[in-house]
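Quick notes on the structure that follows.
The values are calculated or read from the model by the stated rules, or taken from the named source; none is laboratory data. Please read these numbers as outputs of a predicted model, since none were measured by experiment. Note that we place each Cβ from the backbone using ideal geometry, even for glycine, and neighbour counts take in every protein chain shown.
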Amino acid sequence: MALRSTRYADELVSAGDEGGRIERIHIHKLGTVEIRFSWWKNGHFQPRPLDVTEDELLPLIQEAIEKGVFSDNFLIALSSILKKNNF
């Protein structure tokens, strides 16, 4: 069930608030599920990149993990990369 639907995509899961969001979206034309980092202002999507500091990005990523934006396979691969690089 989509949180929000447009001609372009369905928003499946979202983390964040006014400002920055990380979203799991289904792209209609391609039939793919993708991750979008987006910027919102006054409740409206902004067609510009999301620019945040690392301190702002960490809680956004944490919320995205907690809300299930990222798949288990992605999180396992990310964990492996971090361990491989001694983190």
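A few points about this structure:
- Against the conditions (1) in contact (Cβ under 8 Å) with a residue 24 or more places away in the chain; (2) under 22 Å from Asp10 (Cβ atoms), Asp72 satisfies every one except (1).
- Wholly within segment 1-73, strands (runs of 3 or more DSSP E) carrying at least 1 residues that are at pLDDT 95 or above: 9-16, 19-27, 32-41
- Any pair with Cβ under 7 angstrom, 6 or more apart, that starts in segment 3-16 at a residue that is surrounded by 12 or more Cβ atoms within 10 Å (Cβ to Cβ) and ends at one that is in a loop (DSSP other than H, G, I, E, B) and modelled with pLDDT of 95 or more: Ala9/His28; Val13/Gly68; Val13/Val69; Ala15/Val69
- Close Cβ contacts (under 6 Å, 6 or more residues apart or on different chains) running from residues in segment 36-58 that are of a type in the set (A, V, I, L, M, F, W, C) to residues that are in a loop (DSSP other than H, G, I, E, B) and surrounded by fewer than 16 Cβ atoms within 10 Å (Cβ to Cβ) comprise Trp39/Arg48; Trp40/Glu18.
- Positions within segment 51-74 being closer than 11 Å to Gly20 by Cα and touching a helix residue (DSSP H, G or I) at 6+ places or on another chain (Cβ under 9 Å), in sequence order: Val52
- The set of residues in segment 7-21 being touching an Asp or Glu at 6+ places or on another chain (Cβ under 9 Å) and of a type in the set (Ser, Thr, Tyr) consists of Ser14 alone.
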